[in-house]
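Structure first, commentary second.
The values are calculated or read from the model by the stated rules, or taken from the named source; none is laboratory data. Small disclaimer: the values here were computed from a predicted structure and weren't measured. Here the Cβ positions follow ideal geometry from the backbone for every residue, glycine too, while neighbour counts run over all protein chains shown. Calculation scope for accessible area: heavy atoms of the full protein, side chains included, ligands and nucleic acids excluded. Shrake-Rupley method; radii C 1.70, N 1.55, O 1.52, S 1.80 Å.
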Amino acid sequence: MVAKGIGAAVPRKEDRRFLTGRGRYTDDIHLPGEVHAVFVRSPHAHARILRIDKGPALAVPGVLAVLTGEDVAADGLGHLVCGWLVKSKDGSPMRMGKHPLLAQGKVRYVGDRVACVVAETLAAARDGAEALVVEYEELPAVTSLAEAEKAPVAVHEEAPDNVVYDWELGDRAAVEEAFAKAHRVVAVDLVNNRLVPNAMEPRAAIGVWDPGTDGYTLYLTSQNPHVHRLVISAFVGIAPEHKLRVVAPDVGGGFGSKIFVYGEECVVLWASRKVGGRPVRWREERSEAFLADAHGRDHLTHAELALDAEGHFLALRVSTRANLGAYMSTFSSCIPTYLYATLLAGQYRTPAIYAEVKALYTNTTPVDAYRGAGRPEASFLVETLVEEAARVLGIDRAEIRRRNFIPKDAFPYQTPVALVYDTGDYATSLERALALADYAGFPARRAEAERRGRLRGIGISCYIEACGIAPSAVVGSLGAGVGLWESAEVRFTHTGKVQVLTGTHTHGQGHETTFSQLVAEALGVPFEDVEVIHGDTAGTPVGMGTYGSRSLAVGGEAILRACRKLIDKGRKIAAHLLEASEADIEFVDGAFRVKGTDRQKTIQEVAFTALVPHRYPPDLEPGFEASAYFDPPNFTFPAGTYVCEVEVDPDTGRVSIEKFVAVDDFGRVINPLVVEGQVHGGLVQGIGQALLEQAVYDPSGQLLTGSFMDYAMPRADDVPAFVVEFAPGTAAAANSMGVKGCGEAGAIGAPAAVINALTDAIGVRVEMPATPEKVWRALHGRRLAQAAE
Amino acid sequence: MPQVRMVVNGREVAGEVEGRTLLVEFLRERLGLTGTHVGCDTSQCGCCLVLVDGVSVKSCTTLALQCEGANVTTIEGLASDGELHPVQRAFHEHHGLQCGFCTPGMVISAVDLLSRNPDPTEAEVRSWLEGNFCRCTGYHNIVKAVLAAAAELRQQKAA
């Protein structure tokens, strides 16, 4: 047994540097001779660029270069790409407009990049940006998703009606048939509000061209440095892949927004060459982040559930419009399709499901993955409909779920929307959550609240997600442009210490600790002797990065497989040293032992022998390191039940969360401290979506919620303490650890729990975010209507 | 350009600054104290908190010149002789940080709170931390850490 191995709540090894101010984020790095970049952004949602006069900007003392879309084109650079091809119902490929590094001829959203000013100081770069003359001819803009298809405005000529694709999934005929026979149909129209990810560290980059080697280095805030290297080299074409090093040092949160390849990071890399190889640094302001970091969600959906008289779900029919913004960001196409509609079965046996999704361009910031990415939208839809069905049929909201759960003996379970769920036990999570929430005692609490003049409600959300992204062959057949395996290398040093190199990236998830626990357990070495290295394409094996709750389920498995290769090699070396047959060597507690004896060599001794092979098997390579790739055979399916209890002040419309219970089945848990932390964080992002957050554009395309003054991020006193428990857990089948992933669950499951509780409290459903104003109006309107009756 | 003098983390420092130079720029760019972060441009996020004469202030909206003669403590100055401050230790033990970007501001804010109110309730901690955003932790473990640090500091004082 290893202390600090699998299952131990070990405080994180990465903490000390952050707690003492020694974290090293991109903007903390300074290089000799560095200069500063500032981007000039479009003030218009849609306009033709008539003329750019660089003269006044170049005249500002200290300004070294002004770069525009014309310069990008003159240097023959390519465009940004969307890495997943989605096809419409008729088989035609999605209609994608060009996504240039810097605007070429037209700007398409407020914040679109028009020019980059490079100067000796940040102040000079700002002054240069201010002095740059850009003449625009304003064009009509379309900013509303609801109006995008009918608007007399085409954001890109490639999609004249702004429809990028009109996609479908499921068996339409079977669904129609089931609806025709239904006892009852419940329907909802839902808004899934547009969110701004707002990782606390703004995006930043430093680009360096080395004239001596003709090599490039890009330091940046990335969740997946190898993906950045690939896209910047293969599609943008700034440097060949072997001459480009991408470094993502400490990164201050991502939540999806730092997956994508944006124009700014590419431009500073290219700009370094334009200024003779001086490093070019850039850090966005928060107000730029609001405009230019990819937003999340933004769906309009009509959904219908067909039921029999006992409340069994017969079929689900979904029609969604998804806003992609003004350009297709890196993974934007797959979020409202393959990461959304494939989850519409939820935890239920609904036999027939049909979904159609229309993705639309608008003159707004591009929309892409944000924590949960497609799965929160699916879960919110399913769990809103389920509670609506319970209300309409007069069945208890927990009972209607019990009646429809996929039973635990039905796995593996093929859903009608492509996925095969490997394992699950939904009823156990539900019952435990109800017990922790004292569901039975709720009527008394409601009555007590009523005596105080407050409206109390309780809501349930039984979410499921597909994580451990992803089996390469599956995503490849669906249009993905890359494989989604992960890689690892595990190396011993002469002195018996272990270096673990991973292609994933940690930006808050605690990989340095979790992976160390994994390796400590697998190799029987002290936790403290393991160092996890990540985030530098020059020093780590190629990996696809961190998103989709994949790092442990896919990257961790690669690490374990490398460890197993080492143990296999170690057995050969130990057999030689102990003059025993390899078959007689067992590996126990970090040592290779001759079975049934006390003769053994520790793994550190074996590693030393492999590196100093003076007495060594003649046919064996020296060295004690191994690498492995892992391509998962399936997704993992974390699932659970959240129960939220709210109280509403009818005079102000203010909603306060009185209790929140989360019971999650994450399979095997490596570090409960870390996993609970992931749940807490996800829950607050989900609560933020439900009650506080929304990106709002005015009709002309100006972002009204462009700063923390206007965009309501959850603060400490907006949210409660949580009751978080792990269900006994069903082991995931897609990896040998049985882990499922935990990073997105909270954001996926929380919104429906909160809104269902609120609906229960006030008797009417309010769209997210359920701000006090909306709640008050809903209550007031209802009371006025009642008075009129 | 005007001169500014102050004591930062116990060390006397001086330098020429422009009138518009912010305290956070002075700390990060001149003194290399990059533990103090800038997370917004509207004084909302609290990533840039430092103690000026024992009181937490947002260094992104404080001019360096305003701190003439002041005693400034940044996150780098909280631990003494490699020994973490009880608030730092509590954040570690209770997993009160994830990506670490808001952490210096959170820790500084908590130190200020506990110097004013050594025995805060959970609600008081949450209310006090209003000036600091964290996008990772959901605040749960931060609040837990601050309450634990408060208990430890009270115990230290009693001993």
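Residue count for region B:106-127 under the criterion of being over 15 Å from B:K144 (Cβ atoms), open to solvent by less than 40 Å² (accessible area, probe 1.4 Å) and within 9 Å of chain A (Cβ to nearest Cβ): the result is 0. Annotation note: of A:A180, A:A173, A:A187, the sole residue that is farther than 27 Å from A:V482 by Cα, open to solvent by 40 Å² or more (accessible area, probe 1.4 Å) and assigned to a strand (DSSP E or B) is A:A187.
Scanning region A:287-301 for residues that are away from every other protein chain (no Cβ under 14 Å) and closer than 21 Å to A:L102 by Cβ turns up A:A294, A:H295. Listed by position, the helices (runs of 4 or more DSSP H) contained in region A:416-503 that have at least 1 residues being of a type in the set (D, E) and out of contact with any His (no Cβ under 8 Å at 6 or more places or on another chain) are A:426-436, A:442-451.
Residue by residue, here is whether (1) part of a loop (DSSP other than H, G, I, E, B); (2) buried (at least 23 other Cβ atoms within 10 Å of the Cβ); (3) among the small types (G, A, S); (4) within 20 Å of the chain's Cα centre (by Cα) holds:
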site: A:R615; (1), (2), (3), (4): yes, no, no, no
site: A:P618; (1), (2), (3), (4): yes, no, no, no
site: A:Y629; (1), (2), (3), (4): no, no, no, no
site: A:N634; (1), (2), (3), (4): yes, no, no, yes
site: A:D651; (1), (2), (3), (4): yes, no, no, no
site: A:V661; (1), (2), (3), (4): no, yes, no, no
site: A:Q685; (1), (2), (3), (4): no, yes, no, yes
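For every residue, the table says whether it meets (1) closer than 26 Å to A:A159 by Cα; (2) in a strand (DSSP E or B).
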site: A:A289; (1), (2): no, no
site: A:H302; (1), (2): yes, yes
site: A:A306; (1), (2): no, yes
site: A:A309; (1), (2): no, no
site: A:L316; (1), (2): no, yes
site: A:S319; (1), (2): yes, yes
site: A:S329; (1), (2): yes, no
site: A:S333; (1), (2): yes, no
site: A:T337; (1), (2): yes, no
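Of the strands (runs of 3 or more DSSP E) that lie entirely inside region A:195-273, those containing 2 or more residues that are under 23 Å from the mean Cα position of the chain (by Cα) and within 21 Å of A:F331 (Cβ to Cβ) span A:215-220.
Only one entry in B:R5, B:R20, B:R30 is at the interface with another protein chain (Cβ under 9 Å from one of its Cβ atoms) and open to solvent by 50 Å² or more (accessible area, probe 1.4 Å), namely B:R20.
Whether any residue in region A:666-678 is in a strand (DSSP E or B), under 21 Å from the mean Cα position of the chain (by Cα), outside the structural domain of A:A47 (by TED's automatic domain parsing) and buried (at least 24 other Cβ atoms within 10 Å of the Cβ) is what I want to check. Yes, some residue in region A:666-678 is in a strand (DSSP E or B), under 21 Å from the mean Cα position of the chain (by Cα), outside the structural domain of A:A47 (by TED's automatic domain parsing) and buried (at least 24 other Cβ atoms within 10 Å of the Cβ).
Within the option set A:E284, A:E304, A:E241, A:E201, being surrounded by fewer than 24 Cβ atoms within 10 Å (Cβ to Cβ), touching a residue at least 12 places away in the same chain (Cβ under 8 Å) and within 14 Å of chain B (Cβ to nearest Cβ) holds for one residue only, A:E284. Regarding B:L51, is this residue in contact with a Gly (Cβ under 9 Å, 6 or more places away or on another chain), more than 11 Å from chain A (Cβ to nearest Cβ) and not in a helix (DSSP H, G or I)? Against the criterion (in contact with a Gly (Cβ under 9 Å, 6 or more places away or on another chain), more than 11 Å from chain A (Cβ to nearest Cβ) and not in a helix (DSSP H, G or I)), B:L51 qualifies. Mind checking whether some residue in region A:341-349 is farther than 19 Å from A:I748 by Cα and surrounded by fewer than 24 Cβ atoms within 10 Å (Cβ to Cβ)? Yes, region A:341-349 has at least one match.
Condition check: in contact with a Leu (Cβ under 9 Å, 6 or more places away or on another chain) and at the interface with another protein chain (Cβ under 7 Å from one of its Cβ atoms). Does B:Q88 satisfy that? Answer is yes for this residue.
Evaluation of A:D717 against the conditions (1) over 30 Å from A:F515 (Cβ atoms); (2) in contact with a Lys or Arg (Cβ under 9 Å, 6 or more places away or on another chain); (3) more than 9 Å from chain B (Cβ to nearest Cβ); (4) open to solvent by 20 Å² or more (accessible area, probe 1.4 Å) shows that the sole unmet condition is (3). Can you name the condition, by its number, that A:V81 falls short on among (1) outside the structural domain of A:A115 (by TED's automatic domain parsing); (2) open to solvent by 10 Å² or more (accessible area, probe 1.4 Å); (3) part of a loop (DSSP other than H, G, I, E, B)? Among (1) outside the structural domain of A:A115 (by TED's automatic domain parsing); (2) open to solvent by 10 Å² or more (accessible area, probe 1.4 Å); (3) part of a loop (DSSP other than H, G, I, E, B), the lone unmet condition for A:V81 is (1).
Per the listing A:A8, A:A57, A:A45, the residue uniquely over 29 Å from B:G35 (Cα atoms), within 14 Å of another protein chain (Cβ to nearest Cβ) and not in a strand (DSSP E or B) is A:A8.
Candidates are the residues of region A:689-714 that are among the small types (G, A, S) and either at the interface with chain B (Cβ under 9 Å from one of its Cβ atoms) or over 30 Å from A:N671 (Cβ atoms) (or both); the one that is surrounded by the fewest Cβ atoms within 10 Å (Cβ to Cβ) is A:S700.
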